[in-house]
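**Student:** Could you have a look at this structure, given as structure tokens, before my questions?
The values are calculated or read from the model by the stated rules, or taken from the named source; none is laboratory data. This is a predicted model, so every value here is computed, not measured. Note that we place each Cβ from the backbone using ideal geometry, even for glycine, and neighbour counts take in every protein chain shown. Note: accessible area is taken over every heavy atom of the protein model, side chains too, but ligands, DNA and RNA are not part of it. Shrake-Rupley method; radii C 1.70, N 1.55, O 1.52, S 1.80 Å.
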Amino acid sequence: MQRRYNLAHSIFCIVVALSLTPLIVAIDAQAQIAFVSKRDGNFDIYVMDADGGNPRRLTNNPARDYAPSWSPDGKRIVFCSDRDGHVPEGRVFHTSEIYVMDADGGNQQNLTNHPSNDRNPSWSPDGQRIVFQSYRDNDRNHNIEIYVMDADGSNLQRLTNNLAADEDPAWSPDGERIVFTSAREGHFIDLDENITDEIYVMDADGGNQRRLTENRNNDWDPVWSPDGKRIAFAADRKGDFEKFDIYVMDADGGNQQKLTNNRVWDSSPSWSPDGERIAFYSRRDGNSDIYVMDADGGNLQNLTNNPHSDSGPAWLNTPFSVSPTGKKFTIWGRVKQFDR
């Protein structure tokens, strides 16, 4: 009886393993980076393999399309576009709205429709919500708030309420916190009363807002590592707006380390699914390209190397790519444990 059970159990494990193998291969193969490029004449959303190969254009619109963010399952991309935006009184440019599309560029849909700007969307880890920044409470840049909505654009909720600008929201991997930048306690840096940004974190419902960085110049573009232990960000520690570098710090703001040291602009960091690399854009070669480096700043590589502008990288981080412990695909581990 025991031998018959072992045989049946072995057959079951083999069948499950064979059925999961194509899925695991497909998941590894979809390690892609979405980005913004002007290589075809205007700013559109593209996607490329993690090594920079096989770039494909997803949007094709005379307006600007930018700021892509993947859904957790890798099936959709949320982004910004001014294709249907409004023209504020006294200005010549259109405002931006939040859009969503399938991962192949199909089925593009407008999620927000407001006379003011909605920008910088970030998908929640459960795929149910999208956080973004909005100018809808004031048509001037100095009053920007963080909002959250369901993934279909419904159930809009305001998370911050501050006279200063709250921007660049990004969800933590566990879905419990949102990191963002704010000028609420910044320093005046010029006669136009521009104030520097610092990095803050809050609970996903907007509560418990607290400051992580304290610097006399700008800290921007925060993004969590896949394990939730670190935050990468861009910082202008010299205060000249001409030299931003990539930094990393612990999730509580401690242990801040500088990863790049370049005479021009490095910004918009994005972690690889395994947390071992960081993609970002840089102007170090005379134009904007997408680069990747190890998480300690080593092994720098140019991924796009294009004469036109490439920026805003967003690495596909599905929950199936790498588990929090660094293992592939949790179900595979469970099958192997059955033999104990």
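**Student:** Which ones in segment 134-147 are without any contact (Cβ under 8 Å) to a residue 40 or more places away in the chain and assigned to a strand (DSSP E or B)?
**Tutor:** Result: Ser134, Glu145, Tyr147.
**Student:** How many of the residues in segment 204-245 are in contact with a strand residue (DSSP E or B) (Cβ under 6 Å, 6 or more places away or on another chain) and farther than 27 Å from Gly127 by Cα?
**Tutor:** So the count comes out to 6.
**Student:** Residues of segment 272-300 being among the acidic types (Asp, Glu), in contact with a strand residue (DSSP E or B) (Cβ under 8 Å, 6 or more places away or on another chain), modelled with pLDDT of 95 or more and not in a strand (DSSP E or B), which ones? Break it down stepwise before answering.
**Tutor:** First, pick out the residues of segment 272-300 that are among the acidic types (Asp, Glu): 274, 276, 285, 289, 294, 296.
Filter once more, keeping what is in contact with a strand residue (DSSP E or B) (Cβ under 8 Å, 6 or more places away or on another chain): 276, 285, 289, 294.
Retained after the next criterion (residues that are modelled with pLDDT of 95 or more): 276, 289, 294.
Within segment 272-300, just Glu276 meets the criteria.
**Student:** Give segment 216-273 a look and list any residue that's over 20 Å from the mean Cα position of the chain (by Cα) and either aliphatic (A, V, I, L, M) or within 20 Å of Pro68 (Cα to Cα) (or both), or say none.
**Tutor:** Selection gives Val264 alone.
**Student:** Which pairs have Cβ atoms under 7 Å, sit 6 or more apart or on different chains, and link a residue in segment 44-59 that is within 16 Å of Tyr99 (Cα to Cα) and of a type in the set (S, T, N, Q) to one that is modelled with pLDDT of 95 or more and surrounded by 20 or more Cβ atoms within 10 Å (Cβ to Cβ)?
**Tutor:** Close Cβ pairs (under 7 Å, with a partner that is modelled with pLDDT of 95 or more and surrounded by 20 or more Cβ atoms within 10 Å (Cβ to Cβ)) amount to Thr59/Asp44; Thr59/Ile45; Thr59/Asp65.
**Student:** Let me ask you something else. Filter segment 195-237 down to residues that are out of contact with any Asp or Glu (no Cβ under 9 Å at 6 or more places or on another chain) and in a loop (DSSP other than H, G, I, E, B) and give me whichever is farthest from Ala164 (Cα to Cα).
**Tutor:** Looking at residues that are out of contact with any Asp or Glu (no Cβ under 9 Å at 6 or more places or on another chain) and in a loop (DSSP other than H, G, I, E, B), I get Asp227.
**Student:** Here's something else I'd like to know. Which of (1) part of a loop (DSSP other than H, G, I, E, B); (2) in contact (Cβ under 8 Å) with a residue 12 or more places away in the chain does Asn155 not meet, given it meets every other one?
**Tutor:** The one condition Asn155 does not meet is (2).
**Student:** Specify the residue that is least open to solvent (accessible area, probe 1.4 Å); the eligible residues are those in segment 101-129 that are assigned to a strand (DSSP E or B) and among the charged types (D, E, K, R). Give the derivation first.
**Tutor:** Narrowing segment 101-129 to residues assigned to a strand (DSSP E or B): 101-102, 109-110, 118-123, 129.
This time we only want the ones that are among the charged types (D, E, K, R), so: 102, 118-119, 129.
Values: Asp102: 53, Asp118: 0, Arg119: 55, Arg129: 75 Å².
Filtering segment 101-129 for residues that are assigned to a strand (DSSP E or B) and among the charged types (D, E, K, R), the one least open to solvent (accessible area, probe 1.4 Å) comes out as Asp118.
So that you can scan it fast, the table gives a plain yes or no per residue for (1) charged (D, E, K, R); (2) under 21 Å from Asp168 (Cα atoms); (3) open to solvent by 60 Å² or more (accessible area, probe 1.4 Å):
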site	(1), (2), (3)
Phe35	no, yes, no
Arg39	yes, no, no
Asn42	no, no, no
Asp51	yes, no, yes
Pro55	no, no, yes
Asn61	no, no, no
Ala67	no, yes, no
Ser71	no, yes, no
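**Student:** Would you check which residues across segment 89-134 are aromatic (Phe, Trp, Tyr) and modelled with pLDDT of 90 or more and list them? I'd like the intermediate steps shown before the answer.
**Tutor:** The initial filter retains those residues of segment 89-134 that are aromatic (Phe, Trp, Tyr), namely 93, 99, 123, 132.
Hits for segment 89-134 are Tyr99, Trp123, Phe132.
**Student:** Sticking with this one: Yes or no: Tyr5 in a strand (DSSP E or B) and either aromatic (Phe, Trp, Tyr) or modelled with pLDDT under 50 (or both)?
**Tutor:** Values: in a strand (DSSP E or B): no; either aromatic (Phe, Trp, Tyr) or modelled with pLDDT under 50 (or both): yes.
No: the conditions fail for Tyr5.
**Student:** Looking only at segment 53-69, filter to residues that are in a strand (DSSP E or B) and over 18 Å from the mean Cα position of the chain (by Cα); which one of those is nearest to Gly41 (Cα to Cα)? Talk me through it step by step, then tell me what you get.
**Tutor:** Of segment 53-69, the ones in a strand (DSSP E or B) are 56-57, 65-69.
Among the residues that remain, those that are also over 18 Å from the mean Cα position of the chain (by Cα) are: 56-57.
Details: Arg56: 15, Arg57: 12 Å.
Once the filter is applied, the top-ranked residue is Arg57.
**Student:** In segment 233-243, what count of residues is obtained for those that are buried (at least 23 other Cβ atoms within 10 Å of the Cβ) and farther than 13 Å from Tyr200 by Cα? Steps first, please.
**Tutor:** Of segment 233-243, the ones buried (at least 23 other Cβ atoms within 10 Å of the Cβ) are 233-235.
Among the residues that remain, those that are also farther than 13 Å from Tyr200 by Cα are: 234-235.
Of the residues in that region, 2 qualify.
**Student:** Right, Thr21: open to solvent by less than 20 Å² (accessible area, probe 1.4 Å) and at pLDDT below 90 or not? Lay out the reasoning, then the answer.
**Tutor:** Details: open to solvent by less than 20 Å² (accessible area, probe 1.4 Å): no; at pLDDT below 90: yes.
The answer is no for Thr21.
**Student:** A follow-up question, please. Collect the residues in segment 244-271 that are assigned to a loop (DSSP other than H, G, I, E, B) and either surrounded by fewer than 18 Cβ atoms within 10 Å (Cβ to Cβ) or touching a Ser or Thr at 6+ places or on another chain (Cβ under 9 Å) (or both), keeping them in residue-number order.
**Tutor:** Of everything in segment 244-271, those that are assigned to a loop (DSSP other than H, G, I, E, B) and either surrounded by fewer than 18 Cβ atoms within 10 Å (Cβ to Cβ) or touching a Ser or Thr at 6+ places or on another chain (Cβ under 9 Å) (or both) turn out to be Ala251, Asp252, Gly253, Gly254, Asn255, Gln256, Thr260, Asn261, Asn262, Arg263, Val264.
**Student:** Moving on to the next point. Only one residue in Asp192, Asp168 is surrounded by fewer than 19 Cβ atoms within 10 Å (Cβ to Cβ) and either at pLDDT below 95 or outside any loop (DSSP other than H, G, I, E, B) (or both). Which one? Even if it seems obvious, please write down each step before you answer.
**Tutor:** Details: Asp168 fails: surrounded by fewer than 19 Cβ atoms within 10 Å (Cβ to Cβ).
Unique residue meeting the criteria: Asp192.
Residue by residue, here is whether (1) surrounded by fewer than 23 Cβ atoms within 10 Å (Cβ to Cβ); (2) touching a residue at least 12 places away in the same chain (Cβ under 8 Å); (3) closer than 26 Å to Asn255 by Cβ; (4) of a type outside the set (Phe, Trp, Tyr) holds:
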site	(1), (2), (3), (4)
Glu276	yes, yes, yes, yes
Tyr281	no, yes, yes, no
Arg284	yes, yes, yes, yes
Asn287	yes, yes, no, yes
Tyr291	no, yes, yes, no
Asp296	yes, yes, yes, yes
Asn302	yes, yes, no, yes
Pro307	yes, yes, no, yes
Gly312	no, yes, no, yes
